[in-house]
């Protein structure tokens, strides 16, 4: 494994819905759900393809873990990869890898606390 391929953050399996803010080159009907997630990014299933290097604003809806109730976390992310998986159902046809590029300190703490509780 090369240095580039090594992950900086441990990934956790979690199915979380993500709301994507509309923006340039973002399909209006795009739906994302995490497959796995870390404090630095997520691998998602999507109904629509997204361009590599596309910047997104997303809201993660955290449910479960050690949280006392549902919580939301806002992040800015960049699409690293988009892989077509034609064998999957249409709602999960594309696998999207996201890198979180900006997250407020409180939201990062909330996300990390959620992940630690999984």
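Where a number appears in this text, it was derived from the coordinates with a stated rule and is not lab data. These numbers were taken from a predicted model, which means no experiment stands behind them. Neighbour counts run over all protein chains shown; Cβ positions are idealised from the backbone, glycine included.
A few notes on this one:
- Computed [θ] at 222 nm, deg cm²/dmol, the chain (DSSP H ≥ 4; -39,500 (n - 2.57); rounded to nearest 500): -3000 deg cm²/dmol
- Each of the peptides 34-43, 55-64, 99-108 was scored by the mean count of other Cβ atoms within 10 Å over its residues; in descending order, highest first, they stand as 34-43, 55-64, 99-108.
- Cα gyration tensor, region 12-116 - rounded (a/c under 1.5), prolate or oblate: prolate
- Ordering of 21-28, 72-79 by packing [mean C-beta count within 10 Å, highest first]: 72-79, 21-28
- Extension gain, residue 61-residue 84: 0.36 nm per intervening residue step, less the Cα-Cα distance, totals 5.8 nm.
- Contact order relative to length of the chain, as percent, for alpha carbon pairs under 8 angstrom and 6 or more apart: 25 percent
- Label positions at residue 112 and residue 21, each projected 7 Å from the Cα along the C-beta direction, are separated by 2.4 nm.
- Pair residue 13, residue 74: separation of 7 Å Cα→Cβ label points (nm): 3.3 nm
- 0 to 90° range, to nearest 10: angle between helix 105-116 axis and the chain longest Cα axis: 90 degrees
- Judged by the ratio a/c of the largest to the smallest principal axis of the C-alpha gyration tensor, region 55-118 counts as oblate, that ratio being 1.5 or greater while a/b is no larger than b/c.
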